[in-house]
Amino acid sequence: MSFVRKLKNFRYHLFYGALLRRDYKLITLGNRSIECHWNFYPDNLTAKSVVYSGGVGRDVSFEHELVAKKGCSIVLLDPSPTGIETMALPVNQIPEFKFIPVGLAGHCKLLKLSPPKYPEEGSWFKYNGDGNAIEARCEDLATLMQRLGHNQIDLLKIDIEGSEYEVLADLLKKRLPVSQVLVEFHHDILPGIRRRETVRAILKMVAAGYKLLDQCGSNHTFFRP
């Protein structure tokens with residue numbers, strides 16, 4: 001590793017050290033063996049909580065475990081063939097799951113998606129000009145909340161392959177009442193996304209009153225009391 005790279009990594013280590021709040025007790029749910037686990041603050045969640053999960057992929061272990069622990073219902077969103085296939089499995093036909101085959105975005109639109117880079121993992125992502133694209137219908141959070149009759153979201157989990165930045169920007173711009181956000185940032189994972197975009201998104205969340213409770217690799221946990 002070059003000296004410049006080491007210096008940058010040290011700078012980001014200091015960045016997280018300054019922002020992370022460690023006075024909240026977190027728990028971990030989801031499949032650790034395939035890195036589909038999330039750390040989150042459980043105390044604001046009950047059986048009546050409103051939970052949205054953007055991005056299904058091939059694994060909904062976090063959602064299953066959250067239902068088992070808290071008894072809450074979950075809205076799952078994914079327009080991709082992988083997500084639709086996953087949610088059609090018998091194990092995922094439970095009353096606490098409401099699956100809607102649309103994507104989560106910063107505004108309502110049709111989004112071109114590229115096929116998975118790793119078929120076994122299955123994640124479709126923003127079209128980059130390679131391969132055969134599909135078009136997916138996407139909606140913003142405010143539209144979905146209005147359609148489903150929700151006036152707040154207690155937990156929002158987003159693993160949406162690069163669209164997280166526009167969703168967070170829209171959430172903050174409209175001041176949507178979302179208490180907790182679990183998000184995977186895709187800098188250095190997907191082409192064209194730089195780490196500075198993630199840094200800007202984190203700073204905007206903190207400026208809006210969110211506390212950064214956890215950072216585990218690309219996964220981040222935000223909570224606004």
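The values are calculated or read from the model by the stated rules, or taken from the named source; none is laboratory data. For clarity, every value in this text was computed on a predicted model and none was experimentally measured. Quick reminder, even Gly has a Cβ in these numbers, built from the backbone with ideal geometry, and neighbours come from all protein chains shown.
General observations
- Filtered residues of region 145-183 (kept if touching a residue at least 40 places away in the same chain (Cβ under 8 Å) and charged (D, E, K, R)): D154, K157, D159, E161, E166, D170
- Residue list for region 148-181, restricted to those being within 25 Å of K126 (Cα to Cα) and among the basic types (K, R): K157, K173, K174
- Some residue of region 84-102 being touching a residue at least 60 places away in the same chain (Cβ under 8 Å), closer than 30 Å to P225 by Cβ and not in a loop (DSSP other than H, G, I, E, B): no
- Looking across region 182-211 at every residue that is modelled with pLDDT under 80 and of a type in the set (V, I, T), the one that is farthest from N39 (Cα to Cα) is identified as I193.
- Qualifying strands (runs of 3 or more DSSP E) (wholly inside region 130-225; at least 3 residues being touching a helix residue (DSSP H, G or I) at 6+ places or on another chain (Cβ under 8 Å)): 153-158, 178-184
- For the criterion of being under 18 Å from R21 (Cβ atoms), among the basic types (K, R) and out of contact with any strand residue (DSSP E or B) (no Cβ under 6 Å at 6 or more places or on another chain), K204 passes.
- Residue list for region 143-199, restricted to those being loosely packed, with under 15 Cβ neighbours inside 10 Å and of a type in the set (D, E, K, R): R147, K173, K174, R175, D188, R194, R195, R196
- If you filter region 15-52 down to residues that are polar (S, T, N, Q) and surrounded by fewer than 14 Cβ atoms within 10 Å (Cβ to Cβ), you find that the one that is nearest to V67 (Cα to Cα) is T46.
- G217 closer than 20 Å to Y41 by Cβ, modelled with pLDDT of 95 or more and surrounded by fewer than 16 Cβ atoms within 10 Å (Cβ to Cβ): no
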